[in-house]
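Contents: one structure, followed by commentary.
Please treat every number below as a calculation from the coordinates, not as lab data. In this text the structure is predicted, and so the values were computed from the model without any measurement. Positions of Cβ are backbone-derived with ideal geometry, glycine not excepted, and every protein chain shown enters the neighbour counts.
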Amino acid sequence: MPALQHKNILILSPQNWGRMFVSKHHYAVGLARLGNKVFFLDPPEQGASDLSSGIEIKPLPDAENLFLIRHKLWFPYVLKFHAMPVFHAGMRLHLKKVLKAIGEPIDIIWSFDLGNLYPFKFFGGVERRIFHPVDEPLIPQAIESARGADVIFSVTTEILEKYDKFGIPSHFINHGVSENFLAQAPSDGAGGDAVRIGFSGNLLRSDVDRDTFLQIVQENPAILFECWGSYKDGQSNIGGSADNDTQKFIEILLALHNVTLHGPVSSEKLAGEIHRMDGFLICYDVQKDQSKGTNYHKVMEYISTGKVIISNNVTTYRQQPDLVQMVESREDNRQLPALFRKVTSELAYHNSPDLQTKRIRFARDNSYGRQLERIEAILGTITPHKRS
């Protein structure tokens, strides 16, 4: 039987299910569409513990046989920060209740967890244990989260190198792009006189290089900037801050005549909207960035449009200028405003039919379907565990 078909798969996610999709959400949908029964475990609900250990399992409309698990711990979550052994003792019992609520054996544990909330050793009797870090492991628990895995997949070689000590088979699998983006017909952009530049992502994140972002927008008043993603507290299912500095940044953006903030939208709507753009801006502070400027999920979505990307340094694409136009510096983005002006003044070249075709072809070769084919081929080389 194929390694990724007709299986019961439990996905361990550090981000809730919501309107904003990143890798773990897309993989859940892709796996369900392959004929698997997929259970997506949200992070534990924060707040007071619930002695009843409330567990809710409900179907999701995004695919057949895709289920969301919401759960509240019966012990204080704060133990994770002060008494990890005690936290894990409670979590072991809690996971037994989760698995009992699912009601059928799990074949594959697929973990994106970088907090070591759910050690693999707590899941006996599964065929495969997959660890899939897509963000930079910044704390010791993020490294320890890999212990007990059968295989590691990640979107950067830099992340994979941090897990070398475990001696676990490790493989680079780039960020994928969903069929929503690939299904769009190629576009010539917005049309008319105004150039439109897109940005998708959580504007509440503190690692957005706000000063450079604002400089670029204010120095290019004839260019229209359209942004998709959270800009109000409570809009995001993938984190962010609404402190005073963030609020000031958002207020300035809202006041600028050439900026439109659309807020968070579904993956389907975003796929249609970004094809109207003439290019895209990526503007993060590499020193603060949770990915350390190694790779971003949005890059592949932008590439799928065929349009040019202007970005801070991104190591995964540093040898591929046809895909991403980036600054050379890993220290700061002082070169980015000048690069932006240069590229946007040469859009006829950067968005030539040949370059657009090359980008679209690259995106299609990195669809989530293709990434799952690559992963399945690798899993086929690993002998599955016998159920105990």
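Numbers at a glance
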item: Spatially proximal aspartates and glutamates relative to Lys386 (Cα-Cα < 18 Å; intrachain offsets below 8 disregarded); result: Glu104, Asp107, Glu127, Asp150
item: Simple label model, 7 Å out from Cα along Cβ direction - Arg147 to Glu268, nm; result: 4.4
item: Neighbourhood net charge (15 Å Cβ-Cβ; Lys/Arg +1, Asp/Glu -1) for Ile139; result: 0
item: Part-to-part distance (alpha-carbon centres) for the range 324-388 and the range 42-118, which is given in Å; result: 33
item: Likely footprinting exposure, Arg334, Arg318, fewest C-beta neighbours within 10 Å first; result: Arg334, Arg318
item: Value at 222 nm in deg cm²/dmol, rounded to 500, when DSSP H runs of n ≥ 4 in the chain each add -39,500 (n - 2.57); result: -9000 deg cm²/dmol
item: Label-point separation in nm, Gln218 to Gln320, each point 7 Å along Cα→Cβ; result: 3.5
item: Candidate aspartates and glutamates - alpha carbon under 17 Å from Lys269, same-chain residues fewer than 8 apart omitted; result: Asp62, Glu179, Glu226, Glu301
item: In sequence order, calculated HN-Hα J values of the range 261-274 (Karplus, 6.51, -1.76, 1.60; Hz; x Gly/Pro); result: 9, 8, x, x, 9, 5, 4, 5, 5, 4, 4, x, 5, 6
item: Length released on extending from Val86 to Gln5, taking residue separation times 0.36 nm less the Cα-Cα span; result: 25.5 nm
item: Kirkwood Rh, Cα atoms: Rg over Rh of the range 179-364; result: 0.93
item: Kirkwood-type radius of the chain, with distances r between different C-alpha atoms, in Å; result: 22.0
item: Members of Lys24/Lys162; Lys165/Lys292; Lys97/Lys162; Lys37/Lys162; Lys72/Lys97 lying beyond 23 Å, as alpha-carbon distances in this model show; result: Lys97/Lys162; Lys37/Lys162
item: Ranked list, fewest to most other Cβ atoms within 10 Å of each Cβ, for Val327, Val38, Val265; result: Val265, Val327, Val38
item: Average silhouette area of the range 1-131, convex hull of alpha-carbon atoms, in square nanometres; result: 7.8
item: Hits among lysines - C-alpha to C-alpha of Lys342 under 17 Å, sequence gap 8 or more where chains match; result: Lys307
item: Contact order normalised by residue count of the range 179-364, Cα under 8 Å, 6+ apart, percent; result: 24
item: Estimated FRET transfer efficiency (Lys358, Ile378; beta-carbon r; R0 35 Å; 0.05); result: 0.85
item: Per-residue Cβ neighbour rank within 10 angstrom, fewest leading, Trp110, Trp228, Trp74; result: Trp74, Trp228, Trp110
item: Cα-based shape type of the range 290-388, given that a ≥ b ≥ c are square roots of the gyration tensor eigenvalues and the cut on a/c is 1.5; result: oblate
